[in-house]
Every structure is written in C-alpha cells, then in structure tokens.
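The values are calculated or read from the model by the stated rules, or taken from the named source; none is laboratory data. Keep in mind it's a predicted model, so treat the numbers as computed, not measured. Glycine also receives a Cβ, built like all others from the backbone with ideal geometry; neighbour counts cover every protein chain displayed.
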Amino acid sequence: MLKNYLKIFLKVATQNKLFTFLSLFGISLTIMFVMIFSMTFNKMVKGSGPEKDLKMMLFADHVKTESQGKNRSINTNFLSQSLCENYFKKVTSATITSMYRTDQWAFILNGKHYEKPYMMTDAEFWKVFGFHFLQGRPYTNEDIVNQNHCVVITQSIRNLFFGDEKDVLGKTIRVLQLQLTVTGVVEDPSSASQNISDGIFIPYTVMPWPYGQEPILGPYTVVFKANSKAQFPAIYKEVQDIITRLDRADDQWTITLQGPRNQFEKMMIGWDMSEDIASPIGKFMKYILWGLAFIFLPAVNLMALNFARIRERGEEIAVRKSFGANSGSLRGQFIFENLMLTLIGGVIGIILSFVMITLLGSSLSVPISGFDSVPVGFSFDLKIFGVALISCLIFGLFSGVLPAIRMSKMKPVIYLKGGEK
Amino acid sequence: MIKLENISKTYRTRSVETLALDKINLEVKRGEFVSVMGPSGCGKSTLLNIIGLLDEPDQGKLQLEGNLITGYEDKKTAGMRNHLVGFIFQSFHLIKELDVYDNVELPLLYRKMPAAERKQRVVASLEQVGLSNRMYHYPSQMSGGQCQRAAIARAITGQPRIILADEPTGNLDSKVGHEVMGILTDLNKAGTTIVMVTHDESLAKETHRIIRLFDGRLVG
Ligand SMILES: Nc1ncnc2c1ncn2[C@@H]1O[C@H](COP(=O)(O)OP(=O)(O)OP(=O)(O)O)[C@@H](O)[C@H]1O
Ligand SMILES: [Mg+2]
C-alpha cells in the first residue's frame, strides 16, 4: 500500500512542479533555520575545543547580597577573590576547581585601534579547559604564587603581534602597562564558547582587580570540574553549605548563590534578577514555543496550498472510494504524502543549514543566550537529528491533517459523472 | 442478489429539488444480466450509485447479497464496496498517475492480501480482458477500448459478485463496444450478476432483461 501511495506521491509531485517547489522552498527554509538555531545552541551547551568537557563542569558565577532593614539594597555580581581562594577552591567533592575573571583591554598597534578580551586565571584553569598548545606550556602554580609576568596567547593574538614570526616563546608583549613574557601559544577557542574568550591569559595574581577587594562580591567565576556527573549533587551541597555558613556569620547581609549551575542552566537563566528562581526548563520551553510559532507560519501556508489543491484529487478520491477506500485510509494517504513532502524538505533544509554554516560560518549569528547573539556553530548529533525530524513531523502533520480530513469527506458521486473523458 | 424496496432519492440544491428516484422496487437475481435504459437525467446513474453504496437513499430498503443495508457507516460501506461490487464507468476513471497494473491492483490494496496473491490476481484479470501486454502502460498511452478493458479488469480483480456498469460502451465506437460487451457477457456466464446502464438498444437486447426508467420511476 505504501508503495502505491509513494508512486502517486512522486507522480503528483513531479507533475505539479510549481506546487512542489513552493512547498519544498517553505519547508526547507524553515527547517534550515531551526537547524542552524538548534545546532548552535547544542554546540554551546555541549562545548567543543577547550570546552570539550563542558558537560562535566559546574559554574559559580552569580552571588547576591541583600541587606534588610532601612537601607535595603540588593547587589549581584561575580565572586570575590577571597570567596574563591578561601572557600570555593577548597571544595573537595570536585575533581579540579579553577577561578578566573574576564575583561577587555584596548590598545593601539601599528596605528590601529583594537579591543580584545583577556582572562586572568589560576593554573588549574589549564586543567579544566583542554587547550591545544601549539607552542610552549601553560603557566604553573609557581607562576601564580610568585606573580610571574607571563602570558599565554592565542594563535590570532600571535599573528596580530608577531606577524609571520613562528617562534615567539620568551618574547614579550605589553598589556595594560605590564610587560609579559609569552610562555605558550594555544589554538583559538571556538567562537561558540561561552566561557573562554579569544585573546590572552595571564596569572590572576599579576594584576589584582582594580576596584578593591570585597568579602563576597567581585569579578571571579569558579568552575568545578568533575569526573562524573554523580559528583554534581555533592558539589552543589558543599557550595551551598559554604554560602549558608557565610550567610549565618554575616548579620547585615543575606547571601545567596545560584547554583553552581551547568552550561544549560547558565544560558537559560543568565543574569536576569527577576528570574533568579525561574526554572531553566521553563525558559527552555519558551524557546520551544518560539520554535513552534516559527514553524507554524509556513505550515499554515502549506495548509492553504493543500486546501487549494483538494479538487485536483477529486477523481482519484472518488475512484478509490468506489473500490473500497474508507475515509481513514484516504486520510492516511494524504497525510503520508504530506509527510513525505515535509521530510524531503527537511532533508534539503538540513543540507542547506550545513552549507550555510560552512559558507558563512561565524559571520552569521543567532540570538540565543544572555547578552548578544552568538556565531552559528556546527554540531550534528542524534539530538539535533531528532529536533529536525520532530520539526518536520509537526510541520507535516499540522499542514496536512485538516486538508486530509476535508479530502476524505468528499462525496464521490460528483466526480464520477459520465460524459466526455 | 440485489433487492430494492421503495427506494427514493431527492437531490436538493439551493434552488431546485430533483426527485431522482421515486419509490423504486427492483430485484435482480444472482447471475442475472440486467440493462437499465431511459432518457438522460431519468436517474440511471443514481440508481447504480445507490446499489453500489456510493450514494445514500432518502427512503427505502436495499439488500445486497443477503445483507440488508441498515446504516451507511463509512468503514462498513467501504468494505462492502470493496468485496461485493465492481464499478465500470463510461469515462473509465482510471487513475492517470498509475499504470495499468497499479490501477487494476487498487481494490486488492484495500484488503489484507499477500503481495504474491495480488500479483497473481492482477495478472489473471488482465489476461481475462486481453490486456496482459499493456500492463505497464499508462492510461494516456492507451486507446479508449484498452482503457475500458483495464477498467473492467479492475472491476473484476476483487472477484465481486456484482458488477455495476454505467454506460461502459458510451465512449467507445460500436466495434469496440461490442468487444467490451463480449467480455461482460463472458463474466456473466461465469456467474457474476451485472447491472448495466446503456443507451444502446442492440446491446441491451443481448442482456436477460431490460429495466426502463422515466423521471425516476420504473416503467414497462
Ligand atoms: N449531485 C447532484 N445534485 C443535484 N442533482 C443531481 C445530482 N446528481 C444528479 N442529479 C439530478 O438527478 C437526476 C438524475 O441524474 P442521473 O445522473 O441519475 O441521470 P442519468 O439517468 O444517469 O442521466 P445520463 O443518462 O445523462 O447519465 C438528474 O435530473 C440530475 O440533474
Ligand atoms: Mg448517468
């Protein structure tokens, strides 16, 4: 039976080329955008390059202090150096713990103005994130303790500062009044990376945060890396216990910390104060609803096209009914045809999304998380395939079911009149 | 066996009401070959459609092969059409996107039947109408007579007890018309009950009995 449906589908599709083209056009563009969006999202959550173990990481980067009473105030920020050093870096349930802060520096090179990010990190940073060293080595704990003026730079910074020079170890660059010696060169991190900036890395002890030291709030993020997700609850508990202890010891401020949270939660909740307690799943559902709305519009379009074409199939429907098709099998046939169409459109859409990402790459960005849009990324796995398939099914069913019901209810006799052929 | 008691059918459009069939009483015995004649618009097609369960009467009782038709529930009527009757139309109504083989197989696809048996039946019925050499032709690639023979093959492939033919020779010249008539006569001799609408007096005379309709009523 499916063979028969398939034959009819192919014949009708090839005979009505304009319709087929128009519907495939709509479907494939829709699926292309769904794919680009979800692959970028997936890539960010999954991590790649230095963030390849992202799934094993939890981040503490959002602490809040509230004062009760007359001068009521709420402050939210990253973590202070002392909170990181004296408490979080001592969390024992994590396998490795690292702290870092990120900022921007502006400089002029060969008469041109640049603005680049830099990261101030500890030595464990290099164990948490798996950078590929093209040259040299990361700085060590000794470098941190001795406040050695060293720096690890990315490939693109090397090219910027040293041009064609290949061996740059031991050379110095000037960053924010500091003369820093290059100890290593790493490959550029992926542009989809949410935690690592593409620039230079300096021991955090070399340059303290210029805005003073506070006990709780500061500029640092702590990342806890585990060997297995089974450690996560223990890490979570240990961190929250620390916060509870600090909160009890401080009678002026109420201290709370969100998480530590994984990359998905970080992206879903972000820094929005009002969403402190909102569930990341809830936010994710909003994305799904937007996605559905996005599919909905072109699907309505295809539904209209399908309705307009019902009459074309009148004779066939009448014949099928005469020879024993019931309404259910006719509905099945037309839904099948529409699903075939959407699946073909889906395959084209997937291919288009690959082509788009390959051709345009990071110059194309999509608004996904937090502050601004994110360069598209390529990441195809079973989950993404599932998203594409489900999107196609939703598209196909939505645009196909109502026309199919209408078709199956047509009265056969009016299409079986005699007369000239 | 086909039995109609007091069957009436009225078509209503916004402006007109047409009494297409008016209290028809008719019995066609098993193995009979009956022709239906009458002027255009007298209700011949309506009668056939009602017998074939493609249309629902407003009144009256219909019995098909001993089954009294009580309700017109979609699944049930579809199943009965599939098993009990085979339709032949004046303008063939082959599905133009499908080749002869697939067209003839159609009724069998709405049954649970193994592919091998379907194939055997399709081939047998195409042989029976002398069209086995055109199995993979499309309707557009065949003459009217060949199309009608394919349509007959489709009507008999499910081995129904009853064949309902609405002017099967209407679009054919008289020589080809007689060939088609020959096939129908052979089918009838093999035991199939046939009700055939025709305008051709000479063909009607070859059948067992002529039923005449006038303005929705049986006459003569
Ligand atoms: N779907 C319909 N809606 C309204 N009126 C209809 C419909 N079908 C048939 N009629 C009317 O019912 C009457 C009988 O029609 P029917 O098709 O049975 O005639 P017929 O005897 O087969 O004619 P012909 O020899 O021209 O095929 C006609 O007056 C026709 O106008
Ligand atoms: Mg007629």
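Figures for the structure shown
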{"quantity": "Flag if residue A:39 is in contact (Cβ under 8 Å) with a residue 40 or more places away in the chain and in the same structural domain as residue A:299 (by TED's automatic domain parsing)", "calculated": "yes"}
{"quantity": "The range B:185-200, subset surrounded by 21 or more Cβ atoms within 10 Å (Cβ to Cβ) and within 14 Å of ligand 2 (Cβ to nearest atom), residue farthest from the other protein chains (Cβ to nearest Cβ)", "calculated": "B:195"}
{"quantity": "Test: residue in the range B:202-216 that is within 16 Å of ligand 1 (Cβ to nearest atom), within 14 Å of chain A (Cβ to nearest Cβ) and not aliphatic (A, V, I, L, M)", "calculated": "no"}
{"quantity": "The one condition in (1) of a type in the set (A, V, I, L, M, F, W, C); (2) more than 13 Å from ligand 1 (Cβ to nearest atom); (3) within 14 Å of chain A (Cβ to nearest Cβ) that residue B:48 fails to fulfil", "calculated": "(2)"}
{"quantity": "Residue A:238, sole failed condition from (1) among the acidic types (Asp, Glu); (2) modelled with pLDDT of 90 or more; (3) more than 26 Å from residue A:76 (Cβ to Cβ)", "calculated": "(3)"}
{"quantity": "Counted residues, the range B:78-92 - those being more than 8 Å from every other protein chain (Cβ to nearest Cβ) and free of Cβ contacts under 8 Å to residues at least 60 places away in the same chain", "calculated": "1"}
{"quantity": "Number of the exception - residue A:235 against (1) out of contact with any helix residue (DSSP H, G or I) (no Cβ under 7 Å at 6 or more places or on another chain); (2) more than 18 Å from residue A:59 (Cβ to Cβ)", "calculated": "(2)"}
{"quantity": "Among (1) within 11 Å of chain A (Cβ to nearest Cβ); (2) surrounded by 21 or more Cβ atoms within 10 Å (Cβ to Cβ) - the single one residue B:171 does not satisfy", "calculated": "(2)"}
{"quantity": "Search result, residues across the range B:1-35 that are part of a strand (DSSP E or B) and hydrophobic (A, V, I, L, M, F, W, C)", "calculated": "B:2, B:4, B:7, B:19, B:20, B:21, B:24, B:26, B:28, B:33, B:34"}
{"quantity": "Qualifying residue in the range A:11-22 (condition: away from every other protein chain (no Cβ under 14 Å) and in contact with a strand residue (DSSP E or B) (Cβ under 9 Å, 6 or more places away or on another chain))", "calculated": "no"}
{"quantity": "Candidate set from the range B:8-43 (those that are touching a Pro at 6+ places or on another chain (Cβ under 8 Å) and within 16 Å of ligand 2 (Cβ to nearest atom)); member that is farthest from the other protein chains (Cβ to nearest Cβ)", "calculated": "B:21"}
{"quantity": "Qualifying residue in the range B:18-33 (condition: more than 19 Å from the chain's Cα centre (by Cα) and free of Cβ contacts under 8 Å to residues at least 24 places away in the same chain)", "calculated": "yes"}
{"quantity": "Subset of the range B:109-138 [within 11 Å of chain A (Cβ to nearest Cβ) and closer than 18 Å to residue B:86 by Cβ]", "calculated": "B:109, B:110, B:111, B:113, B:118"}
{"quantity": "Hits in the range A:127-142 (condition: β-branched (Val, Ile, Thr) and assigned to a helix (DSSP H, G or I))", "calculated": "A:128"}
{"quantity": "Test: residue B:125 is surrounded by 20 or more Cβ atoms within 10 Å (Cβ to Cβ) and part of a helix (DSSP H, G or I)", "calculated": "yes"}
{"quantity": "Breaking point among (1) among the hydrophobic types (A, V, I, L, M, F, W, C); (2) closer than 25 Å to residue B:170 by Cβ; (3) away from ligand 2 (no atom under 13 Å from the Cβ), for residue B:78", "calculated": "(2)"}
{"quantity": "Selection within the range A:216-246 - surrounded by fewer than 17 Cβ atoms within 10 Å (Cβ to Cβ) and over 29 Å from the mean Cα position of the chain (by Cα)", "calculated": "A:241, A:244, A:245"}
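Residues checked against (1) without any contact (Cβ under 8 Å) to a residue 12 or more places away in the chain; (2) of a type in the set (Phe, Trp, Tyr); (3) away from ligand 2 (no atom under 16 Å from the Cβ):
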site: B:48; (1), (2), (3): no, no, no
site: B:53; (1), (2), (3): no, no, yes
site: B:70; (1), (2), (3): yes, no, yes
site: B:94; (1), (2), (3): no, no, yes
site: B:116; (1), (2), (3): yes, no, yes
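Residues are listed down the side, and each one gets a yes or a no for (1) in contact with a strand residue (DSSP E or B) (Cβ under 8 Å, 6 or more places away or on another chain); (2) hydroxyl-bearing (Ser, Thr, Tyr); (3) at pLDDT below 90; (4) part of a loop (DSSP other than H, G, I, E, B):
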| site | (1), (2), (3), (4) |
| --- | --- |
| A:281 | no, no, yes, no |
| A:285 | no, no, yes, no |
| A:288 | no, no, yes, no |
| A:291 | no, no, yes, no |
| A:298 | no, no, no, no |
| A:314 | no, no, no, no |
| A:317 | no, no, no, no |
| A:320 | no, no, no, no |
| A:324 | no, no, no, yes |
